[in-house]
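Here is the structure we will look at, set down as structure tokens.
The values are calculated or read from the model by the stated rules, or taken from the named source; none is laboratory data. All of these numbers come straight from a predicted model, not from anything done at the bench. Reconstructed Cβ throughout: ideal geometry from the backbone, glycine too, with neighbour counts over all protein chains shown. Heavy atoms of the whole protein, side chains included, go into the accessibility calculation; ligands, DNA and RNA do not. Shrake-Rupley method; radii C 1.70, N 1.55, O 1.52, S 1.80 Å.
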Amino acid sequence: MTSYNKKSVEDIDVSGKKALVRCDFNVPMKDGVITSDKRIMAALTTINYLLQHGAAVILCSHLGRPKGEFKPEFSLAPVAERLSKVLERPVAMAKDVVGEDAKAKAAALRPGEVLMLENVRFEPGETKNDETLAKAFAALADIYVNDAFGSAHRAHSSTAGVAAYLPAVCGFLIQKEITVMGKALADPKRPFVAILGGAKVSDKIGVINNLLEKVDTLIIGGGMSYTFMKAQGHSIGNSLCEEDKLDLAREMLEKAKAKGVNLLLPVDNRAGDKFDANCAVQLVNSDDIPDGWMGMDIGPVSEELFCNAIKGAGTVVWNGPMGVFEFDQFAQGTLKVAAAVAESGAVSIIGGGDSAAAVTKLGFGDKMTHISTGGGASLEFLEGKDLPGIAALNDQ
Ligand code: ADP
Ligand code: MG
């Protein structure tokens with residue numbers, strides 16, 4: 001496993017330097033208009049730090065999937081415009097990524113000035129981690145700053161390759177991700193409780209496997225719990241099930257036993273007669289879900305069981321909602337668990353896109369120690385994998 005002791009912008013002299021900053025400006029857009037500027041706002045701390053410390057800032061990011069060619073609908077120009085408003089200073093927009101216009105504008109850039117390169121995925125080499133492209137990025141700047149945690153699990157030219165050719169450090173967003181999550185995995189305050197849910201066992205099997213090595217208690221809820229129930233020979237009605245993961249589920253149950261991990265599965269569920277927000281609902285026992293019904297949320301007895309385990313935790317890592325929280329009648333389990341995590345006083349870490357959305361939607365966003373900004377990246381982190389965009393940065 002890589003060291004997560006990476007140099008940050010605070011560990012090097014940035015004054016008078018041109019800093020190439022890889023951000024995550026992959027913002028949601030509708031008809032050319034940015035519908036949420038959360039990611040732009042999140043990038044401000046690092047950008048402002050660099051500007052205040054005398055650097056010139058060259059920003060780059062991907063946006064959508066333009067597949068290696070210039071497509072105007074994927075231009076970062078609207079992001080540059082929005083950023084300019086919130087920074088209250090001009091943000092120059094390059095017409096290309098590492099072409100003549102970008103080179104000329106980068107060369108002319110002075111301390112305190114900001115330049116935005118075009119969408120890095122307009123370059124066909126980006127997603128192939130092309131070396132020539134990585135060198136072209138490096139040629140624009142004196143230092144490289146990675147602050148795009150959401151792309152850190154990708155080995156691309158602007159996320160990893162470029163780091164080989166410049167002093168390479170992390171920005172404040174990545175720094176927080178790796179210190180909070182890194183510490184939770186390497187040296188957690190105990191008891192360490194992991195809560196895993198969401199739709200599929202197959203998405204989370206790596207996380208379950210890695211966390212079983214580390215946690216004291218593992219709570220499994222959500223759509224993936226039914227595969228575990230079926231693996232133990234129970235009837236699960238029409239609930240989600242991955243038939244080809246039954247053996248793996250049994251293996252994980254065995255591993256939990258062998259490691260002495262307290263593994264908690266739901267004992268009751270709210271079940272619906274179809275996958276619909278307005279379906280009929282009944283409470284069922286998790287080990288005997290009637291035919292024609294599907295488990296859509298954990299039930300009240302499970303809520304209490306799970307919340308009691310969360311109450312005394314020193315560290316909680318949570319990935320995956322307890323039920324179909326998008327439907328109001330199946331949001332209760334996720335709500336109760338979110339409240340318990342918020343009240344526990346534990347170091348609380350939320351990983352995963354839908355989990356972050358659920359916690360925020362239910363009003364507990366500011367009660368958590370850390371909500372990871374990277375869905376896929378946080379999963380790979382929790383799996384114990386090396387993230388190429390972080391591994392490539394300079395160690396402290
Ligand atoms: P994350 O993005 O946090 O990693 P996932 O993508 O794995 O989480 O899972 C989130 C999805 O799982 C949600 O859309 C939710 O509706 C779904 N889900 C949770 N419980 C169930 C269930 N019992 N049946 C079907 N889908 C479920
Ligand atoms: Mg998801």
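Below are the figures for this structure:
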quantity: Residue match in region 253-267 (condition: within 16 Å of ligand 2 (Cβ to nearest atom), farther than 23 Å from residue 301 by Cα and at pLDDT 95 or above); calculated: no
quantity: Per-region count, region 232-277, residues surrounded by 13 or more Cβ atoms within 10 Å (Cβ to Cβ) and of a type in the set (D, E, K, R); calculated: 9
quantity: Some residue of region 292-315 being hydroxyl-bearing (Ser, Thr, Tyr), part of a loop (DSSP other than H, G, I, E, B) and either open to solvent by 60 Å² or more (accessible area, probe 1.4 Å) or away from ligand 2 (no atom under 16 Å from the Cβ) (or both); calculated: no
quantity: Residue match in region 205-221 (condition: among the charged types (D, E, K, R), over 24 Å from residue 326 (Cβ atoms), in contact with a Phe, Trp or Tyr (Cβ under 7 Å, 6 or more places away or on another chain) and away from ligand 1 (no atom under 12 Å from the Cβ)); calculated: yes
quantity: Residue check, residue 323 open to solvent by 10 Å² or more (accessible area, probe 1.4 Å) and within 12 Å of ligand 1 (Cβ to nearest atom); calculated: yes
quantity: Count of region 384-396 residues which are out of contact with any Leu (no Cβ under 8 Å at 6 or more places or on another chain) and open to solvent by 10 Å² or more (accessible area, probe 1.4 Å); calculated: 8
quantity: Top-ranked residue of region 162-201 - restricted to ones that are open to solvent by less than 10 Å² (accessible area, probe 1.4 Å), modelled with pLDDT under 95 and among the β-branched types (Val, Ile, Thr), ranked as nearest to ligand 2 (Cβ to nearest atom); calculated: 201
quantity: Residue ranges of helices (runs of 4 or more DSSP H) in region 1-102 with at least 1 members surrounded by fewer than 23 Cβ atoms within 10 Å (Cβ to Cβ) and of a type in the set (Asp, Glu); calculated: 77-87
quantity: Lone unmet requirement of (1) farther than 26 Å from residue 160 by Cα; (2) polar (S, T, N, Q); (3) more than 16 Å from ligand 2 (Cβ to nearest atom) for residue 360; calculated: (3)
quantity: Filter result (under 20 Å from the mean Cα position of the chain (by Cα) and among the aromatic types (Phe, Trp, Tyr)) within region 308-327; calculated: 318, 325
quantity: Flag if residue 381 is out of contact with any Pro (no Cβ under 9 Å at 6 or more places or on another chain), open to solvent by less than 50 Å² (accessible area, probe 1.4 Å) and within 21 Å of residue 190 (Cβ to Cβ); calculated: yes
quantity: Among (1) within 14 Å of ligand 1 (Cβ to nearest atom); (2) open to solvent by 10 Å² or more (accessible area, probe 1.4 Å); (3) modelled with pLDDT of 95 or more; (4) not in a helix (DSSP H, G or I), the one test that residue 229 misses; calculated: (4)
quantity: Residues of region 345-396 classified as in contact with a Cys (Cβ under 6 Å, 6 or more places away or on another chain) and free of Cβ contacts under 8 Å to residues at least 40 places away in the same chain, total; calculated: 0
quantity: Filter result (farther than 12 Å from residue 318 by Cβ and within 11 Å of ligand 1 (Cβ to nearest atom)) within region 333-343; calculated: 333
quantity: Members of region 202-236 that are closer than 21 Å to residue 348 by Cα, more than 16 Å from ligand 2 (Cβ to nearest atom) and over 19 Å from the mean Cα position of the chain (by Cα); calculated: 212, 213, 214, 215, 216, 217, 218, 219, 220
quantity: Looking only at region 344-378, and only at residues there that are among the small types (Gly, Ala, Ser) and more than 10 Å from ligand 1 (Cβ to nearest atom), the one that is modelled with the lowest pLDDT; calculated: 374
quantity: Residue within region 176-185 that is closer than 28 Å to residue 331 by Cα and in contact with a helix residue (DSSP H, G or I) (Cβ under 6 Å, 6 or more places away or on another chain) present; calculated: yes
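Residues checked against (1) in contact (Cβ under 8 Å) with a residue 12 or more places away in the chain; (2) closer than 20 Å to residue 45 by Cβ:
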{"position": "64", "(1), (2)": "yes, no"}
{"position": "78", "(1), (2)": "yes, no"}
{"position": "88", "(1), (2)": "no, yes"}
{"position": "98", "(1), (2)": "yes, no"}
{"position": "123", "(1), (2)": "yes, no"}
{"position": "149", "(1), (2)": "yes, yes"}
{"position": "162", "(1), (2)": "yes, no"}
